[in-house]
Amino acid sequence: MVNLFQSNDSYSLLIFFDRNYNLSVGNELVDFDHSQMKDTTHLLSKSSFRLALMFFFVGFWTPQSGLTQCAGTASTPGSASDCAAHAVPSGKVATLDPKRVYTLPELIDIAERNNPRTRIVWEQAKQKAEQLGIEKSAYYPVLAGLAVFADQRTISPFPESLLPRGYSTVEIPLIQPEVTLQYLLFDFGKREAKVDSAKAEKLAAGANFIQANQEVAFQVASDYYKLLTAQERLQAAQETLKTAQTTQDAAEDQLANGRSTLPDVLNARAETSQAVFDLESADGDEKISRVTLTEAIGVEPSPDITIDAQKNSSLPESLTLSINELIDRALSDRPDLMAQAAEIRAADDQVRAAKAEYRPKISLSGSAAQTVVWPTADNGQLGYANVTTWSAELGVEWRIFDGGARKNGVAIAESTRREAQDVMTAKHDQATREVWTAFIAFRTALRKEQAALALLDSANTSYSASLEAYQYGVKNLIDVVTAERQLAQARLSGVSARSQLLLEAVDLEFVTGNLLRTKPPATKLHTQDGQK
């Protein structure tokens with residue numbers, strides 16, 4: 001259960017999960033003053049909690065609300081393909097309200113309905129479902145109605161001794177409504193193979209549908225976190241500008257008291273100008289990140305979007321699964337591997353269908369008609385007819401020689417099957433590599449985030465001490481500027497490390513096929529007070 005509400009000046013989050021997840025976050029409010037430089041370390045460590053809630057929602061909230069075009073039922077390739085067969089995507093493209101604050105689950109929900117990638121695979125899944133219906137229709141007879149309205153005049157030579165003109169003409173008006181039937185009785189498994197192949201292709205399309213939704217969700221989450229990172233970088237740049245201005249004010253005070261030189265003041269002003277430059281750059285990057293996020297969602301690209309980042313959220317702390325368990329989960333749950341397995345089954349069925357061409361076909365055909373004629377001749381009256389006519393035929397067709405067409409067809413089908421098996425091997429290796437990469441990257445990002453916090457604390461202490469020593473005349477301005485630059489770099493390193501940790505945690509869910517799915521996450525979170 002997730003309960004989110006807003007108080008007068010801050011947010012409060014209540015999160016409760018069952019014993020499988022072992023998480024309970026209390027009703028703790030987080031609020032702090034961004035303007036105080038002495039709280040810089042506190043600021044960045046607190047703001048790190050904002051990002052993790054969005055990651056948490058990707059893994060837990062979206063399985064219930066994801067795949068909205070199928071009302072949350074498309075959790076397996078079969079259900080996805082069945083849903084696509086009976087649903088039609090809406091033609092209306094969503095628009096974002098600039099005044100609304102969007103959460104990550106809401107943006108993923110919008111993206112799944114509007115991103116062109118999800119709509120394309122939706123239509124492809126629908127086409128494969130309809131193709132299965134076409135293949136199944138081969139088991140039914142084909143009835144056709146035909147109506148003929150004709151008028152024919154013929155000339156027949158005759159001896160002039162019988163007819164003075166030496167010929168006679170006959171005109172035959174004709175009306176003939178007719179019904180024909182074609183029914184393939186037996187084909188030694190060709191239709192069955194084609195139906196099985198279409199079923200496998202339908203399942204593959206359903207798996208591709210899920211894969212596309214996961215890819216879109218991952219892209220939206222990645223761009224969301226990148227925007228949050230850009231916002232944190234902008235905030236860090238603002239704090240760095242305040243630090244530079246503090247250093248400049250101290251240098252000018254020292255100059256006014258005769259304990260500093262003009263070059264020191266100019267150096268401090270240069271650092272302030274550099275901080276202004278970095279702030280403008282961070283502001284531009286933040287706006288570009290907004291445009292990138294709206295494009296991933298599938299709406300008109302624009303910087304007019306406001307996202308919500310909660311304060312009292314938590315960061316990933318450790319892994320809940322071993323590397324072998326992660327690999328096993330990926331090999332069993334990844335939609336792209338499911339799709340490729342279905343492609344192999346479809347290729348097997350195509351081989352069966354190609355080999356069935358060597359066997360005979362037994363078919364039944366017939367027709368029934370009502371024939372009405374009233375012919376006339378220039379040399380006498382002919383009879384009027386209105387009778388029922390019919391025909392029936394049981395045929396056996398067996399091609400004895402076709403110049404190698406069947407042989408080449410079987411060879412192509414077998415080659416396609418081997419190709420599908422080789423693709424599966426490649427995807428299997430790719431999945432294993434991606435899990436290993438995500439596993440190592442997450443552990444590395446975790447250590448980097450821990451190191452970044454320590455670096456930020458040390459840099460903040462170093463700068464405060466250097467500034468104080470400079471004000472007392474113990475250190476020169478070069479030492480203060482050096483400490484200032486180290487503090488600015490530590491702030492950026494903290495933002496990058498935190499963002500990378502969240503992205504790697506989401507990537508772990510993605511490469512194991514658990515994004516938008518209901519299995520427990522691969523990472524464990526820690527809260528602000530250390531409660532797990």
Can you give the Kirkwood hydrodynamic radius of the stretch 294-420 from its Cα pairs, in Å with one decimal?
23.8 Å
Which residue, chosen from Ala111, Ala138, Phe158, occupies the Cα position most advanced towards the positive end of the dipole of the stretch 93-194, where the dipole is computed from +1 (Lys, Arg) and -1 (Asp, Glu) charges on Cβ about the Cα centre?
Ala111
Size of the dipole of the stretch 301-414 about the Cα centre, Lys and Arg at +1 and Asp and Glu at -1 on the beta carbon, nothing else charged, in debye to 20?
520 debye
For the stretch 111-134 and the stretch 371-393, distance of Cα centres in Å
55 Å
State which entries of Lys361/Lys407; Lys128/Lys226; Lys99/Lys226; Lys99/Lys524 exceed 28 angstrom in Cα-Cα distance in the structure shown.
Lys128/Lys226; Lys99/Lys524
Accessible area in square angstrom per residue, the stretch 352-504, 1.4 angstrom probe
58 Å²
Amide H contacts under 5 Å for Leu525, placed H, 5+ residues apart
Glu317
Averaging over all projection directions, find the projected area of the Cα convex hull of the stretch 409-518 and quote it in nm² with one decimal place.
10.8 nm²
Collect residues whose amide H, placed 1.01 Å from N in the peptide plane, falls under 5 Å from the amide H of Phe158; neighbours closer than 5 in sequence don't count.
Tyr167, Ser168
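How big is Rg to Rh over the stretch 129-211, alpha-carbon atoms, Rh as the Kirkwood inverse-mean-distance radius?
Result: Rg/Rh = 1.49.
The values are calculated or read from the model by the stated rules, or taken from the named source; none is laboratory data. Quick caveat, the model's predicted, so the values are computed rather than measured. So basically every Cβ, Gly included, is an ideal-geometry build from the backbone, and we count neighbours across all protein chains shown. Remember, those area values only see protein heavy atoms, side chains included, never the ligands or the DNA or RNA. Shrake-Rupley method; radii C 1.70, N 1.55, O 1.52, S 1.80 Å.
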